[in-house]
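Shown next, in structure tokens, is the structure this report addresses.
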Amino acid sequence: MALQRLGNQEARWLFLDRHALLEQPAGPAKGADLLALIHRLGFVQLDSINTVARAHDMILYSRRPGYRARNLKRLYERDRELFEHWTHDAAVIPMAFYNHWHLRFQRDTELLRKRWRNWRRDGFEARFETVLNHVRDHGPVSSSDVGKDEKKGSGGWWDWHPSKTALEYLWRSGALTVVGRDGFQKRYDLTERVIEEHLRPGNSCNEAATINWLCSAALDRLGFATSGELAAFWDTASPAEAKSWCAGQLRRGELEEVEVTLADGQLRKVFARPGTVEAATELGPAPGRMRVLSPFDPALRDRKRAERLFGFHYRIEVFTPAAKRQYGYYVFPLMEGARLAGRIDMKADRDADLLRVTAVWPEQDIKWTAARTKRLEAELERVARFASVGLVRFEDGWLR
């Protein structure tokens, strides 16, 4: 029997709908409404780079233009509706999901102790009790508050002093909780003082129930996926666990295999819930306005999936030497309707009160017209207001 087929346009619509990008960017963006959006996305990745605004703020702004950074800070630090931990990277996650992170704490406990020993972070294990006692006695701390007698490195994560490493380990394994950030520096407190008792990790973890939730919740947010894509979404279940989950769901009729048409016309077998193909045909079209996305937008997190679905090859070049960059240090994708239409290199120059646009690269199949320039200008005026600068300035030769 032939598999049902999901056309490329319908697949894009479904994927964008699950990422809150198929509707007009509008609506309330604080309190319960903002929390509902983050629930829908699953998590929001955190990143410190601030060429226009930080990644987490751009992610939320691109969907709710009324959003401001203080709204997320209040939800996270005051209301405690979010917690910070890792998916594929550091992220804020709805507190309602916290009990599903017990397995992550357990696995990080084992993985990081071995990995960090191999990286010769000597002495961090001996600092656990000292760091915990310091937090217990003094309240929330940052890395600068511990290990003051230790030699401080001048590098990044690979150059942490032992007490900083202990802080990170105790957070990743669940004994400490990040309660907020000063600038972008984390503040840690005892989990028992932050997380409600019924949510805290116990002595055991229901691994099967957690794997079931991780895979099911990932599928809800992707619409369709391979087992490997489900495993990668939260980055806690292993590929083998996700593969086994899909097989079991398939046997019970709770999943079906379908074919999705990729941007290049090839077909790819994926899993979806029954009725997904029919539901996808009722979605769309996407809003025609131009929209700037964060390089860390959830819709682009899986770069290979985005390339297969949209034909958009994107790699961030922050760690690429300047002479070897194809585009720029921190280049933003441009979405127009259900297409990734190009990318833009821009920066907020707050001293000059300007949003400086260095370059725009349309995709090869995009004809850049005067109408597109107007749509881009309208979007950049909105972005400039969000970034708290007054004017947009295009540099000479900006259209590449």
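The values are calculated or read from the model by the stated rules, or taken from the named source; none is laboratory data. Treat the numbers as computed from the prediction; the structure is a model and nothing was measured. Every residue, glycine as well, gets a Cβ built from its backbone with ideal geometry; the counts of neighbours run over all protein chains shown. Calculation scope for accessible area: heavy atoms of the full protein, side chains included, ligands and nucleic acids excluded. Shrake-Rupley method; radii C 1.70, N 1.55, O 1.52, S 1.80 Å.
Of the residues making up segment 9-42, those that are small (G, A, S) and either within 21 Å of W234 (Cα to Cα) or part of a helix (DSSP H, G or I) (or both) are A11, A20, G31, A32, A36, G42. Restricting attention to segment 278-292, and to residues there that are under 26 Å from the mean Cα position of the chain (by Cα) and not small (G, A, S), which single residue is farthest from N8 (Cα to Cα)? The qualifying residue farthest from N8 (Cα to Cα) is V292.
Scanning segment 327-370 for residues that are touching a strand residue (DSSP E or B) at 6+ places or on another chain (Cβ under 9 Å) and of a type in the set (K, R) yields R343, K347, R356.
For segment 362-382, the count of residues that are under 28 Å from A232 (Cα atoms), in contact (Cβ under 8 Å) with a residue 24 or more places away in the chain and surrounded by 14 or more Cβ atoms within 10 Å (Cβ to Cβ) is at least one.
Condition check ((1) at pLDDT below 95; (2) under 30 Å from L355 (Cα atoms); (3) open to solvent by less than 10 Å² (accessible area, probe 1.4 Å); (4) not charged (D, E, K, R)) across all residues:
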{"residue": "A2", "(1), (2), (3), (4)": "yes, no, no, yes"}
{"residue": "G31", "(1), (2), (3), (4)": "no, yes, no, yes"}
{"residue": "L34", "(1), (2), (3), (4)": "no, yes, yes, yes"}
{"residue": "H39", "(1), (2), (3), (4)": "no, no, no, yes"}
{"residue": "L46", "(1), (2), (3), (4)": "no, yes, no, yes"}
{"residue": "I59", "(1), (2), (3), (4)": "no, yes, yes, yes"}
{"residue": "Y67", "(1), (2), (3), (4)": "no, yes, yes, yes"}
{"residue": "Y76", "(1), (2), (3), (4)": "no, yes, no, yes"}
{"residue": "E84", "(1), (2), (3), (4)": "no, no, yes, no"}
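Could you tell me whether any residue of segment 269-291 is within 26 Å of R372 (Cβ to Cβ) and in contact with a strand residue (DSSP E or B) (Cβ under 6 Å, 6 or more places away or on another chain)? Checked segment 269-291: at least one residue is within 26 Å of R372 (Cβ to Cβ) and in contact with a strand residue (DSSP E or B) (Cβ under 6 Å, 6 or more places away or on another chain). Residues in segment 167-216 that are touching a Gly at 6+ places or on another chain (Cβ under 7 Å) and closer than 18 Å to W234 by Cβ: P201 only.
Can you find a residue in segment 302-310 that is surrounded by fewer than 16 Cβ atoms within 10 Å (Cβ to Cβ) and either among the charged types (D, E, K, R) or at pLDDT below 95 (or both)? Taking every residue of segment 302-310 in turn, at least one turns out to be surrounded by fewer than 16 Cβ atoms within 10 Å (Cβ to Cβ) and either among the charged types (D, E, K, R) or at pLDDT below 95 (or both).
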